[in-house]
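One structure, as structure tokens, below. Some questions next.
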Amino acid sequence: MNFPLSAIVVMGVAGCGKSSIGAAIAARSGGRLVEGDAFHPASNIAKMSAGIPLDDDDRAGWLVRLGEELQAIIKAGERPILTCSALKRRYRETLRQAVPELGFVFLELTPQEAEKRVLARPGHFMPASLIDSQFAALESPLGEPLTLALDATRPIEILAETVHDWLKPCGERPLARTA
């Protein structure tokens, strides 16, 4: 298909469903799923596992590395679907510098629902104790270009279909909306 966006970032706080929805989007659109968490350095994982929130310095190199990965996948002729919290505008700008035609799918969720979901996923390095820090750091991308906001409590298949429709060629739909 002829999509106008080079890559997609599925973003939001811990527990919003980035991995599940990213996988569904990749399957539906023929993109290549890239799990942003897999690119965290060991020091970031250790910090989060200990219940210590990451700061801007912790995320800086990680975001640059994710941008490089997006570029490499695009160069290989594929469309990356990246899962990444991308909580702050400056984080999203770092990714946009790497890939100017980058779309963001923002999965909106309440703190209560995020905590419930994080508590239900045993074995993940991100503890529920960090949910508040995620919401404190979150700068909504609403109003930013090439951004689609979705209610993360909707069924995965519906969300993937909504993103698929959003990815249609430019003349067929707007590039910024909330669903």
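Looking at (1) in a loop (DSSP other than H, G, I, E, B); (2) under 23 Å from Ala137 (Cα atoms), can you tell me which one Ile45 breaks?
Failing condition for Ile45: (1).
I'm trying to understand the selection: among the residues of the range 1-14, which are open to solvent by less than 10 Å² (accessible area, probe 1.4 Å) and at pLDDT below 90?
The first filter runs over the range 1-14 and keeps only residues open to solvent by less than 10 Å² (accessible area, probe 1.4 Å), leaving 5, 7-14.
The answer is Leu5, Ala14.
Regarding Gly51, is this residue not in a loop (DSSP other than H, G, I, E, B) and not aliphatic (A, V, I, L, M)?
On the way: not in a loop (DSSP other than H, G, I, E, B): no; not aliphatic (A, V, I, L, M): yes.
Answer is no for this residue.
Let me ask another. Quick one: would you say Arg121 is modelled with pLDDT under 90 and buried (at least 18 other Cβ atoms within 10 Å of the Cβ)?
Working: modelled with pLDDT under 90: yes; buried (at least 18 other Cβ atoms within 10 Å of the Cβ): no.
So Arg121 fails the test.
Pick out the one residue from Leu107, Leu82, Leu150, Leu95 that is in a helix (DSSP H, G or I), modelled with pLDDT of 95 or more and buried (at least 17 other Cβ atoms within 10 Å of the Cβ). Outline the logic, then answer.
Details: Leu107 fails: in a helix (DSSP H, G or I); Leu82 fails: in a helix (DSSP H, G or I); Leu150 fails: in a helix (DSSP H, G or I).
Result of the check over Leu107, Leu82, Leu150, Leu95: Leu95.
Please enumerate the residues belonging to the range 22-70 that are acidic (Asp, Glu), under 14 Å from the mean Cα position of the chain (by Cα) and surrounded by fewer than 17 Cβ atoms within 10 Å (Cβ to Cβ).
Glu35
The values are calculated or read from the model by the stated rules, or taken from the named source; none is laboratory data. Being a predicted model, the structure only gives us computed values, none of them experimental. Cβ sites come from the backbone with ideal geometry, for glycine too, and all protein chains shown count toward neighbours. With ligands, DNA and RNA removed, areas are computed over all heavy atoms of the protein, side chains included. Shrake-Rupley method; radii C 1.70, N 1.55, O 1.52, S 1.80 Å.
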